1. Scan the range 54-66 residue by residue and report those that are under 19 Å from Ser37 (Cβ atoms) and loosely packed, with under 12 Cβ neighbours inside 10 Å.
Amino acid sequence: MSVLANARISGSEAGLADSSRSLIRWLSCNNPFYAISALLVCLGLWVSFGGQAQAAQTWALMAGMTGYTLLLAVTACLLVRFLGVWDDVRTVMLLTVLMFRPHR
């Protein structure tokens, strides 16, 4: 191969590396998986319990929401304590606060 062909290949590899780095940087700063996880947990609880006709079902739903909220708070504490990932912690704490919002 010529020197020009080698330069083109290395340039395209550098572009691919830069785009993968930017994707990884975006995922680490704007991690959508916490929000997707919270949405799926709430959807799963809603599908599991549906309309609460009995008080026992209401308490089970509240216990599930409380357990998930505590899990989010513990996850936020561990992310700060051991990894120092403040961008993820902001997302997790926002989700934790939104769990306390009254639902209608």
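The values are calculated or read from the model by the stated rules, or taken from the named source; none is laboratory data. Everything numeric here is computed off the predicted structure, so don't read it as measured data. Glycine also receives a Cβ, built like all others from the backbone with ideal geometry; neighbour counts cover every protein chain displayed.
1. At the first step, the residues of the range 54-66 found to be under 19 Å from Ser37 (Cβ atoms) are 61, 63-66.
Within the range 54-66, Ala63, Thr66 meet the criteria.
Matching residues to (1) modelled with pLDDT of 85 or more; (2) part of a helix (DSSP H, G or I):
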{"residue": "Cys42", "(1), (2)": "no, yes"}
{"residue": "Gln52", "(1), (2)": "no, no"}
{"residue": "Thr58", "(1), (2)": "no, yes"}
{"residue": "Thr66", "(1), (2)": "yes, yes"}
